Amino acid sequence: MKSTTAKIKQYSDNQYNRTPDHELGSGFSNYERLMVELNNRQYYPKEVYENFLNENGLDAYETFDKNTDHAKLLETVYSILQTLLSNIDMYRKIETEFVTSGEAATSLRNRLKDLRSEINRIKAEMHYADSDFTFMYYTR
């Protein structure tokens, strides 16, 4: 008989177990955490980032909880970077280190590949129950 209770991995680091104090400004909002993941790069206006967060089931102004929101946030980053792949010139306006569009596209594809691997790893370790499919294979 299969157990109906799913085991969910919890991060053991104490920084994720404390309750954020909104008056003191401790803890990230989902929007602030998204900006950290994007290295504070402003590819789009704030409202567009809020829409991306909403598409992935996150409220921009709720407090980020790594135990429940981490994979959703990385999915949001993936979605944003995926849109930039189809408009590589916009990406190059912010990321000025690339000489050619080809170099920028290759770098962005590599980032997307690494990000997808990280998302799959987190979902597998956290036992996300958002799908009927099991992650049998993923790369580290």
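Okay, here's what the table says:
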quantity	calculated
Boolean, ILE119 is more than 12 Å from LEU38 (Cα to Cα) and either β-branched (Val, Ile, Thr) or in a loop (DSSP other than H, G, I, E, B) (or both)	yes
Residues that are basic (Lys, Arg) and either in contact (Cβ under 8 Å) with a residue 24 or more places away in the chain or farther than 25 Å from GLU55 by Cβ (or both), drawn from region 93-111	ARG109, ARG111
The one condition in (1) more than 19 Å from SER79 (Cα to Cα); (2) open to solvent by 100 Å² or more (accessible area, probe 1.4 Å); (3) modelled with pLDDT of 90 or more that LYS113 fails to fulfil	(1)
Check on SER107, modelled with pLDDT of 85 or more and open to solvent by less than 70 Å² (accessible area, probe 1.4 Å)	yes
Subset tally (residues that are of a type in the set (Lys, Arg) and open to solvent by less than 40 Å² (accessible area, probe 1.4 Å)) for region 58-90	1
Checklist (1) closer than 24 Å to THR106 by Cα; (2) loosely packed, with under 11 Cβ neighbours inside 10 Å; (3) at pLDDT 90 or above applied to LYS93, failing item	(3)
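The values are calculated or read from the model by the stated rules, or taken from the named source; none is laboratory data. Treat the numbers as computed from the prediction; the structure is a model and nothing was measured. Here the Cβ is made from the backbone with ideal geometry for all residues, glycine too, and neighbour counts use every protein chain on show. The accessibility values were calculated without ligands, DNA or RNA, using every heavy atom of the protein model including side chains. Shrake-Rupley method; radii C 1.70, N 1.55, O 1.52, S 1.80 Å.
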